[in-house]
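Participant: Structure below; questions to follow.
The values are calculated or read from the model by the stated rules, or taken from the named source; none is laboratory data. Every value quoted in this text rests on a predicted model; they were computed, and no experiment measured them. We place every Cβ from the backbone using ideal geometry, glycine too, and count neighbours over all the protein chains shown.
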Amino acid sequence: MGTLEELKRKIGTAAEPIRFDIERGLIARFVQAVGDSNPLWQNEEYARKTGYGGIVAPPWLLCALMTVSLPDSRPRSVPLPVPEVPPPREHILDGGEEWEFFLPMRLGDTITSRSKLVNVFEREGRLGKMLFFVYQTSYANQRSELVARCSSTLINY
Amino acid sequence: MRQVFYEDVIEDMDIPSLTKHPSTRQLAMWAGGSGDFYEIHYDKDFAQSQGLDGVIVHGRLKAAFIGQLLTDWVGTEGNLKKLTCRYRGMDVPDQDITVRGKVTKKYIKDGEHCVELEVWTENPNGEKTTPGTALVVLPSRSQAF
């Protein structure tokens with residue numbers, strides 16, 4: 001199981017969509033974890049006077065929300081954008097991401113994220129032969145407007 | 001916060017840096033909020049069994065720090081459009097992570113005042129542990145008045 005050819009056949013596999021509501025509690029938790037005191041994320045009076053007209057969630061919130069409430073929460077495992085195709089080797093490193101932000105997320109929005117596996121390839125690296133899993137995730141609001149998109153890479157060796 | 005405008009920006013300039021000092025408590029909060037419960041971020045014994053000296057900071061938390069650097073800088077009239085980062089080096093909690101950005105290019109495209117930057121996090125030895133790039137749109141004084 002898990003040869004490169006077999007994995008390549010899984011390209012295109014999509015994960016179950018994940019839904020989350022942009023509410024004050026969610027924003028507050030992440031703002032505290034990051035230590036970001038920008039009033040635009042929490043102070044309605046301040047936010048109303050800006051061009052946004054009200055509280056918006058920080059765009060970086062999506063960096064965390066890619067992994068929120070994933071059903072796959074086995075011990076000693078990395079959260080996977082597409083748990084249906086687990087990387088076969090022992091170690092996983094988060095390689096990095098490319099984010100595009102299109103629209104603000106407002107209080108009361110419901111965001112749906114959809115991830116799919118878009119590429120798997122092998123490359124010789126510092127740690128020997130490494131598998132690269134590339135995922136694409138889109139984030140849409142309740143009006144089906146595209147809010148953001150992310151391409152992310154996991155390294156498996 | 002003072003609003004930065006497109007006209008204030010020159011290529012090669014540094015933007016104001018941000019110093020973070022994430023505690024293990026913050027890592028636990030991030031884990032709880034994000035659902036990334038991978039033990040290398042809060043279980044020292046497990047982290048050491050993986051060949052690490054101790055727990056390490058979530059890559060995505062560092063991406064969020066870079067996000068904060070940029071949303072602080074662009075203010076309420078600017079917008080973060082793109083952010084790319086690579087997790088090249090590991091960072092450990094309870095020490096400074098300095099988040100920096102440098103303007104690489106500015107131009108007007110489709111009526112938008114665009115600024116491209118090189119962004120990164122830096123450990124106390126000055127090593128870039130999370131290099132990346134960003135694209136932001138800033139307001140212009142010519143539009144403001």
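Participant: Within region B:121-143, is even one residue touching a Pro at 6+ places or on another chain (Cβ under 8 Å), surrounded by 17 or more Cβ atoms within 10 Å (Cβ to Cβ), closer than 15 Å to B:Ile66 by Cβ and at pLDDT 95 or above?
Facilitator: In the first step, residues of region B:121-143 are kept if they are touching a Pro at 6+ places or on another chain (Cβ under 8 Å); the result is none.
No; the residues of region B:121-143 include none that is touching a Pro at 6+ places or on another chain (Cβ under 8 Å), surrounded by 17 or more Cβ atoms within 10 Å (Cβ to Cβ), closer than 15 Å to B:Ile66 by Cβ and at pLDDT 95 or above.
Participant: Taking only region B:81-97 into account, find how many residues are at pLDDT 95 or above and surrounded by 22 or more Cβ atoms within 10 Å (Cβ to Cβ).
Facilitator: Final tally of qualifying residues: 4.
Participant: From the list A:Phe30, A:Phe101, which residue is in contact with a Leu (Cβ under 6 Å, 6 or more places away or on another chain) and at pLDDT 95 or above? Spell out how you get there, then give the answer.
Facilitator: Details: A:Phe30 fails: at pLDDT 95 or above.
The unique qualifying residue is A:Phe101.
Participant: Might you check whether a residue that is at negative phi, touching a strand residue (DSSP E or B) at 6+ places or on another chain (Cβ under 7 Å) and assigned to a strand (DSSP E or B) occurs anywhere in region B:2-13?
Facilitator: Looking through region B:2-13, none of the residues is at negative phi, touching a strand residue (DSSP E or B) at 6+ places or on another chain (Cβ under 7 Å) and assigned to a strand (DSSP E or B).
Participant: I'd like to know if region B:131-141 contains one or more residues that are among the hydrophobic types (A, V, I, L, M, F, W, C) and either free of Cβ contacts under 8 Å to residues at least 40 places away in the same chain or more than 12 Å from chain A (Cβ to nearest Cβ) (or both). Walk me through it before giving the result.
Facilitator: Step one: of region B:131-141, the residues among the hydrophobic types (A, V, I, L, M, F, W, C) are B:134-138.
Now drop any that are not either free of Cβ contacts under 8 Å to residues at least 40 places away in the same chain or more than 12 Å from chain A (Cβ to nearest Cβ) (or both), which leaves B:138.
So far as region B:131-141 goes, yes, one or more of its residues are among the hydrophobic types (A, V, I, L, M, F, W, C) and either free of Cβ contacts under 8 Å to residues at least 40 places away in the same chain or more than 12 Å from chain A (Cβ to nearest Cβ) (or both).
Participant: I've got another one for you. Which numbered condition trips up A:Gly128, out of (1) without any contact (Cβ under 8 Å) to a residue 60 or more places away in the chain; (2) in contact with a strand residue (DSSP E or B) (Cβ under 9 Å, 6 or more places away or on another chain); (3) at positive phi?
Facilitator: (2)
Participant: Please list, ordered by first then second residue, the pairs with beta carbon atoms under 6 Å, 6 or more apart or interchain, first in region A:31-47 and facing another protein chain (nearest Cβ under 7 Å), second crowded, with 20+ Cβ neighbours inside 10 Å and among the aromatic types (Phe, Trp, Tyr).
Facilitator: Once the first residue is facing another protein chain (nearest Cβ under 7 Å) and sits in region A:31-47, its partners that are crowded, with 20+ Cβ neighbours inside 10 Å and among the aromatic types (Phe, Trp, Tyr) give A:Ala33/B:Trp30.
Participant: Give region A:18-52 a look and list any residue that's in a loop (DSSP other than H, G, I, E, B) and under 18 Å from A:Asn141 (Cα atoms), or say none.
Facilitator: A:Ile22, A:Glu23, A:Tyr52
Participant: Now for a different question. Listed residues B:Leu27, B:Leu18; which is in contact with a His (Cβ under 7 Å, 6 or more places away or on another chain), aliphatic (A, V, I, L, M) and within 12 Å of chain A (Cβ to nearest Cβ)?
Facilitator: Working: B:Leu18 fails: in contact with a His (Cβ under 7 Å, 6 or more places away or on another chain).
After ruling out the rest, the residue left standing is B:Leu27.
Participant: Are there strands (runs of 3 or more DSSP E) fully within region B:53-124 with at least 2 residues that are more than 11 Å from chain A (Cβ to nearest Cβ) and farther than 26 Å from A:Val78 by Cβ? List them. I'd like the intermediate steps shown before the answer.
Facilitator: Working: elements: B:79-86, B:97-109, B:112-122.
Qualifying strands (runs of 3 or more DSSP E): B:97-109, B:112-122.
Participant: From B:Asp36, B:Asp45, grab the single residue that is surrounded by fewer than 21 Cβ atoms within 10 Å (Cβ to Cβ) and charged (D, E, K, R). Let's see the steps before the verdict.
Facilitator: Details: B:Asp36 fails: surrounded by fewer than 21 Cβ atoms within 10 Å (Cβ to Cβ).
Only one candidate passes the filter, namely B:Asp45.
Participant: Sticking with this one: What is the residue count in region A:66-91 for residues that are more than 7 Å from every other protein chain (Cβ to nearest Cβ), surrounded by 19 or more Cβ atoms within 10 Å (Cβ to Cβ) and either in contact with a strand residue (DSSP E or B) (Cβ under 7 Å, 6 or more places away or on another chain) or at pLDDT 90 or above (or both)?
Facilitator: 5
Participant: Sticking with this one: Just one of (1) closer than 30 Å to A:Tyr52 by Cβ; (2) away from every other protein chain (no Cβ under 14 Å); (3) in contact with a Leu (Cβ under 8 Å, 6 or more places away or on another chain) trips up A:Leu131, so point out which.
Facilitator: Going through (1) closer than 30 Å to A:Tyr52 by Cβ; (2) away from every other protein chain (no Cβ under 14 Å); (3) in contact with a Leu (Cβ under 8 Å, 6 or more places away or on another chain) one by one, A:Leu131 breaks only (1).
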